[in-house]
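Data block below; observations after.
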Amino acid sequence: MLLDGDEWRRTFDAYERDAWRFEAQPVYSMPREAENVARFLRGDSKPADHNSRWHERVREYVATGRTIGRVRVVRQPLTDYQRYQFAWGIPGNIAAGEDIRVLDVSEDDYGLPLSGTDWWMFDESRIVHLNFRVDGAQINRELFAGDASPYLEWKRIALAHSVPFAEYVKNLSDV
């Protein structure tokens, strides 16, 4: 089942305890972000309201006792998009209450599925695939109807081998 627009928002907002994302694409080509990525690459200042709608949602989730987090998968060297995320996106998401960890797969992929699909896991039972083209453009969001067990294992592996964002970036010179 494909989830677009309001249906996607309702599905996301309906989680009761835990929302968690496996985020593995090296680049995301999202039209609403294009100008901010260009501004970052030009060396402009980050807008004061950068990603504020997402931050409001995260604060609402946390205020109701729910958790939200992700593991951001990277390979060295970071892509321009990842440098943008690390400098402009992730710190604000963390300040809003999101738990973000980084998994560097430059030397080992840990047996994780790393190509073409990211996913959200809600309450450790519902999975939504985020399908992407090679250029990072999202194709669709698809509710997965199969067994969640492999996803639970991939989440366990990703969490076991990742580090908190602040720990990962303290030794980076290019962010």
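The values are calculated or read from the model by the stated rules, or taken from the named source; none is laboratory data. Here the structure is a predicted model, which is why all the values come from computation and not from measurement. For neighbour counting, all protein chains shown are included, and Cβ atoms are generated from backbone atoms with ideal geometry for every residue, glycine included. For the accessible areas, the whole protein counts, side chains as well, though only heavy atoms, and no ligand, DNA or RNA atoms are used. Shrake-Rupley method; radii C 1.70, N 1.55, O 1.52, S 1.80 Å.
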Quiz item: trypsin sites (Lys or Arg not before Pro), restricted to region 9-70: which are DSSP loop and have at most 11 other Cβ atoms within 10 Å?
Solution: 17
Practice problem: Provide the per residue accessible area, probe 1.4 Å, for region 41-175, rounded to a whole number of square angstrom. | Solution: 51
Quiz item: Where does the chain land at 222 nm, in deg cm²/dmol rounded to the nearest 500, when only DSSP H runs of n ≥ 4 count, each adding -39500 (n - 2.57), divided by all residues?
Solution: -9500 deg cm²/dmol
Quiz prompt | Potential lengthening between residue 80 and residue 54 on full extension [0.36 nm per residue; Cα-Cα distance subtracted] | solution = 7.2 nm
Self-check item: Gyration tensor verdict on region 1-41 (Cα atoms; rounded if a/c is under 1.5, prolate if a/b is larger than b/c, oblate otherwise)
Solution: prolate
Quiz prompt | Rounded to 5, the percent of DSSP beta bridges in the chain classed as antiparallel | solution = 60
Self-check item: Share of carbon and sulfur in the accessible heavy-atom surface of the chain [1.4 Å probe, %]
Solution: 49
Self-check item: Part-to-part distance (alpha-carbon centres) for region 1-70 and region 111-175, which is given in Å
Solution: 14
Exercise. Once you have a ≥ b ≥ c as the square roots of the Cα gyration tensor eigenvalues for the chain, tell me rounded if a/c is under 1.5, and otherwise prolate or oblate according to whether a/b is larger than b/c.
Key: rounded
Quiz item: Counting GluC sites (Glu not before Pro) as exposed when in a DSSP loop with at most 12 other beta carbons within 10 Å, what is the longest stretch of the chain free of them?
Solution: 17-106
Self-check item: ³J(HN,Hα) computed for each position of region 132-146 - Karplus, 6.51 cos²θ - 1.76 cosθ + 1.60, integer Hz, glycine/proline x
Solution: 10, 7, 4, 7, x, 7, 6, 7, 5, 10, 9, 5, 8, 9, x
Quiz prompt | Loop chymotrypsin sites (Phe, Trp or Tyr not before Pro), region 95-175, which have at most 16 other Cβ atoms in a 10 Å radius of their Cβ (DSSP) | solution = 110
Self-check item: the chain, relative contact order in percent, only Cα pairs under 8 angstrom and at least six apart counted
Solution: 31
Practice problem: Please work out the FRET efficiency for the pair residue 6 and residue 63, using the Cβ-Cβ distance as r and a Förster radius of 22 Å; give the result to the nearest 0.05. | Solution: 0.45
